[in-house]
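The values are calculated or read from the model by the stated rules, or taken from the named source; none is laboratory data. Predicted model only: the values in this text are computed from it and were never measured. Backbone-built Cβ (ideal geometry, glycine too); neighbour counts: all protein chains shown.
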Amino acid sequence: MFVAAEDQPLELGSLTDEEIVALDPAAESGIAPLPWLSSVPAESKAAVLATALRGLAARGLYQALPAAGPPARLAGEADGRLLAVLSMRSTVPAVIIAERHRDAAVEWALLYPQHSDLWLHEVVTGNGIHTFALGRTSHWVAELARWCAPDTNTTHLRSDGYLVHLPAGAVEGPRMVVSCPVTSIITQFTVDRASNAVTESWSAVHSSTEEIYLASPDSDGVNYHGCIEGDLLRHWEELTVRTTDQRK
């Protein structure tokens with residue numbers, strides 16, 4: 001799997017919220033969002049998870065075995081490739097997660113550092129579909145820069161050179177930034193190997209068809225500056241380099 005992804009991104013398939021939790025119960029308290037499953041009433045969750053396993057078995061991704069107990073209960077073994085994907089997202093000391101608000105839709109993109117220059121990429125839709133792929137840093141830097149500003153015509157940007165500082169406690173951002181219809185909030189989580197303490201840092205990208213603004217915190221507030229496409233690429237490069245350094 002890792003060798004194949006060295007040359008070009010390797011698509012690893014899709015799973016639903018409930019399929020992921022049915023295979024890996026610890027994922028329910030993990031960092032990746034579960035937007036559909038989180039809306040399921042507690043009293044219905046066991047049945048939903050059992051149904052998810054039956055669906056995986058029907059697709060040949062789960063080998064069902066007889067189990068003692070109620071008929072709804074299903075035990076077995078998952079496909080090795082599925083288990084590898086779940087392992088890649090649960091055994092890393094750092095994660096980058098971006099939450100994009102575009103009109104009324106919410107979508108998430110996550111990066112998990114892997115061996116060498118490879119990253120596991122996960123996209124989560126608002127209805128709880130998780131799609132996975134494995135690829136090199138350069139691919140995901142370009143992909144996520146586009147994902148953060150999906151509607152921007154990068155050849156006609158008007159925001160380059162714009163810079164404003166907003167003090168801590170300000171209720172609302174600058175007017176030009178607030179009016180952007182697409183906002184992506186990027187959070188980087190890292191775990192200290194010695195203490196298991198989790199630290200986080202954030203930034204945000206606001207974009208329209210002709211403008212991109214990058215927000216980043218400092219000691220006494222938030223800085224907003226207008227970007228060109230290269231600035232956004234550099235920001236994602238810095239995030240991936242910082243994550244790579246911290247996982248060593």
Quiz prompt | Qualifying positions in the stretch 135-191 - more than 25 Å from the chain's Cα centre (by Cα) and either of a type in the set (A, V, I, L, M) or at positive phi (or both) | solution = 157, 161, 163, 164, 166, 168, 169, 170, 171, 176
Self-check item: Scope the stretch 176-200; condition within 17 Å of residue 104 (Cα to Cα), surrounded by 13 or more Cβ atoms within 10 Å (Cβ to Cβ) and without any contact (Cβ under 8 Å) to a residue 40 or more places away in the chain; matching residues
Solution: 180
Self-check item: Qualifying residue in the stretch 38-59 (condition: acidic (Asp, Glu) and surrounded by 15 or more Cβ atoms within 10 Å (Cβ to Cβ))
Solution: no
Practice problem: Report whether or not residue 118 is farther than 28 Å from residue 217 by Cβ, over 15 Å from the mean Cα position of the chain (by Cα) and not polar (S, T, N, Q). | Solution: yes
Exercise. Report yes if residue 243 is touching a Pro at 6+ places or on another chain (Cβ under 7 Å) and either hydrophobic (A, V, I, L, M, F, W, C) or not assigned by TED's automatic domain parsing to the domain that holds residue 30 (or both), otherwise no.
Key: yes
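Take the residues in the stretch 125-146 that are among the small types (Gly, Ala, Ser), in contact with a strand residue (DSSP E or B) (Cβ under 6 Å, 6 or more places away or on another chain) and crowded, with 18+ Cβ neighbours inside 10 Å, then tell me which one is farthest from residue 84 (Cα to Cα). Please lay out each step first, then the result.
Residues of the stretch 125-146 among the small types (Gly, Ala, Ser): 126, 128, 133, 135, 138, 142, 145.
This time we only want the ones that are in contact with a strand residue (DSSP E or B) (Cβ under 6 Å, 6 or more places away or on another chain), so: 126, 128, 133.
Still in the running and crowded, with 18+ Cβ neighbours inside 10 Å: 128, 133.
Numbers: 128: 20, 133: 12 Å.
Checked the stretch 125-146; the qualifying residue farthest from residue 84 (Cα to Cα) is 128.
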Self-check item: Of all residues in the stretch 201-231 being crowded, with 16+ Cβ neighbours inside 10 Å and under 17 Å from the mean Cα position of the chain (by Cα), the one that is nearest to residue 153 (Cα to Cα)
Solution: 205
Self-check item: Residue check for residue 149: in the same structural domain as residue 205 (by TED's automatic domain parsing), under 21 Å from residue 229 (Cβ atoms) and surrounded by 20 or more Cβ atoms within 10 Å (Cβ to Cβ)
Solution: yes
Practice problem: Report, by residue number, each residue of the stretch 1-25 that is of a type in the set (A, V, I, L, M, F, W, C) and over 13 Å from residue 78 (Cβ atoms). | Solution: 1, 2, 3, 4, 5, 10, 12
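Please go through the stretch 103-162 and pick out each residue that is in a helix (DSSP H, G or I) and under 16 Å from residue 214 (Cβ atoms).
Residues satisfying the conditions are 141, 144, 145, 146, 147, 148.
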Quiz prompt | Elements of type helices (runs of 4 or more DSSP H) contained in the stretch 1-101, each with 2 or more residues being touching a helix residue (DSSP H, G or I) at 6+ places or on another chain (Cβ under 6 Å) and touching a residue at least 40 places away in the same chain (Cβ under 8 Å) | solution = 17-23
